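Rule-based calculations on the coordinates, nothing more; no lab input. Given the structure is predicted, the values throughout are model-derived calculations rather than measurements. When we count neighbours, we look across all protein chains shown, and the Cβ atoms used for this are built from the backbone with ideal geometry, even at glycine.
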Amino acid sequence: MELKIYLFRHGQTFYNKDHMFTGWKDSKLTPLGYKQADKVGRMLRDKKIQLAFSSHLTRSKETLKRVLKYHPECKRVIVDDRIIERSYGDLQGMTHKKFIEEKGEELFKIYHRSYDVPPPNGESIKMVEERVLSFINDLLFLMKKYKVNAAVSAHGNSMRPFRRYFEHMSVKQMMKLENPWDNYFEYTIKI
């Protein structure tokens, strides 16, 4: 038997649009973000989804809501913050431009895309990966136990370790990923 995971990123937010460090700030979807979420929903409308996950952030929940309108068979939606966006700590709410002006391009690259260096009071991708791997273990257990397909409405940085796990990537490959707002990734689980 084969089960499916449908992984997607929330649509564009106002912080994304303005090139800001978003992290755990609850930035809402832009009109384009809603269109992107609707597109993912249409792309997944012919799939079977019985179990779904989001973080507590509005952008993740709203995107999932747009997807699940095609899935009355989905009876269980779980909020799990192990898939929440990376915390950018003290940088949350700051524009990339302002940070670069104040601290320089080199430090921006380190905090923005380093695997194991967290921004002040924030998380590194390595830290995010630890919680996402814990989520994946529980997700696989639930899917196999109940024999269900699952949808995961994630965030750009929580998708990185998710994709690394299922696509067998190196850290370097994972850190180069750019996750789309208007598409999804499908993974097959054999039981």
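Volume per residue of the convex hull around the Cα atoms, evaluated for region 2-190, comes out as 99 Å³. Amide H contacts for Met20 (H built 1.01 Å from N in the peptide plane; partners 5 or more residues away or on another chain; cut-off under 5 Å): His96.
Long hydrophobic helices in the chain: the complete DSSP H runs spanning 18 Å or more by Cα along their own axis with mean Kyte-Doolittle hydropathy of at least 0.0 are 125-146. For the chain, relative contact order (Cα pairs under 8 Å, six or more residues apart, normalised by length) works out to 36 percent. For the listed residue pairs Lys35/Lys145; Lys25/Lys126; Lys109/Lys145; Lys69/Lys144, the alpha carbons are over 31 angstrom apart in Lys35/Lys145; Lys109/Lys145. The phi torsions of region 74-91, fed into the Karplus equation with coefficients 6.51, -1.76 and 1.60 and a -60° offset, translate into couplings of 7, 9, 9, 10, 10, 8, 9, 7, 5, 9, 5, 4, 4, 7, 8, x, 5, 8 Hz, rounded to whole numbers, with Gly and Pro shown as x. For region 155-191, trypsin sites (Lys or Arg not before Pro) are listed when DSSP marks them as loop and at most 11 other Cβ atoms sit within 10 Å of their Cβ; the list is Lys176.
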